[in-house]
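See structure below.
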Amino acid sequence: MLTERLMCIVLGVGSIIGDIICLWTILRIFFLISGLDVPKRTKIQMGMFFFSCGIILEVFILTSYVTIIVEEGYASIFFPKYRDFWFLTFLFYVLSALALIVHISGIRMIIPIIILEVLPVVSGILFLIVAIESIRNKIRKIRAWSLACTIQSLLFESGLVLWSGIIWNEIIVLLAIILRNLIVIANMHY
Amino acid sequence: MSSTHRSRIGILLNILEAINKRDYAIITEIIREANIPHERLLPILERLIERGYIRYIKRDNRRYYMLTPDGYRLMQELRRLKHLIEDLGLSL
């Protein structure tokens, strides 16, 4: 159990770092395109904007998730000296709590749960359509980006469906995020 | 080559590639290759000369344009940018 929890902390931190690099990669292209008078760039920029928003929310949720495990005392046993890191982690934790409060407030709890269950399937199908279209039209970067998100959505959904408190399903979700980040960073790099 | 809806970067790349195609390019060749009218091309060429991306020599009352090393690097960078834009399903 301790080893599995430690694995979750490592994968969780890995996912957060990957998310931040991914965000930087996407925003770099976003601002690069902004400076050009390329026709029809708004749609791509919208996609990048929403994807970035999703990643920011994901960072908050993951930080909250990792912090919860940290609060269980594992990390403080292993890394008691890294006070600055823990301060930043707790800062993110507060921000993530705020984001979640904003997200949930005014809505019945059942709705976010349904959204959480349904959204990965819907987004997975949409990303799959984008992937097929980009393969047909030979749009290399969009193809990699959408395939990465399709794989992540499917793994994410399987992790949620099989959740039931089994820790290995949490690991599937974290691995899905890491896999998506690796594909996006490798292919969207400029 | 599509001449409609070209971005400024696309036009610039076409001009640099037109000059690079030959060791020395005269203005009519650049106009033909880059598909750009004379009156629009001249200020761009002047700006490129000012910034040190191209230079020219005069021979037989004609200007022969050529890329400088900085101009060549700019062209390479713009080609990279063009690939990125095309990989995103857009066009320069």
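The values are calculated or read from the model by the stated rules, or taken from the named source; none is laboratory data. This structure is a prediction, so every number in the text was calculated from the model and none was measured. Using ideal geometry, Cβ is built from the backbone for each residue, glycine included, and neighbour counts are taken over all protein chains shown.
At a glance:
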{"read-out": "Residue match in segment B:11-25 (condition: crowded, with 16+ Cβ neighbours inside 10 Å and closer than 23 Å to A:LYS141 by Cα)", "value": "yes"}
{"read-out": "Pick from segment A:113-163, criterion touching a Gly at 6+ places or on another chain (Cβ under 6 Å) and modelled with pLDDT of 85 or more, ranking: nearest to the other protein chains (Cβ to nearest Cβ)", "value": "A:ILE139"}
{"read-out": "Top-ranked residue in segment A:31-40 [being surrounded by fewer than 18 Cβ atoms within 10 Å (Cβ to Cβ) and part of a helix (DSSP H, G or I); ranked as nearest to the other protein chains (Cβ to nearest Cβ)]", "value": "A:LEU32"}
{"read-out": "Selection count where residues are of a type in the set (Lys, Arg) and within 14 Å of chain A (Cβ to nearest Cβ), scope segment B:59-92", "value": "3"}
{"read-out": "Search result, residues across segment B:1-52 that are within 16 Å of B:ARG73 (Cα to Cα), among the aliphatic types (A, V, I, L, M) and within 14 Å of chain A (Cβ to nearest Cβ)", "value": "B:ILE9, B:LEU12, B:LEU13"}
{"read-out": "Residue match in segment B:62-82 (condition: in contact (Cβ under 8 Å) with a residue 60 or more places away in the chain and either small (Gly, Ala, Ser) or in a loop (DSSP other than H, G, I, E, B) (or both))", "value": "no"}
{"read-out": "Hits in segment A:15-40 - residues which are over 11 Å from the mean Cα position of the chain (by Cα) and in contact (Cβ under 8 Å) with a residue 24 or more places away in the chain", "value": "A:ILE21, A:THR25, A:ILE26, A:LEU27, A:ARG28, A:ILE29, A:LEU32"}
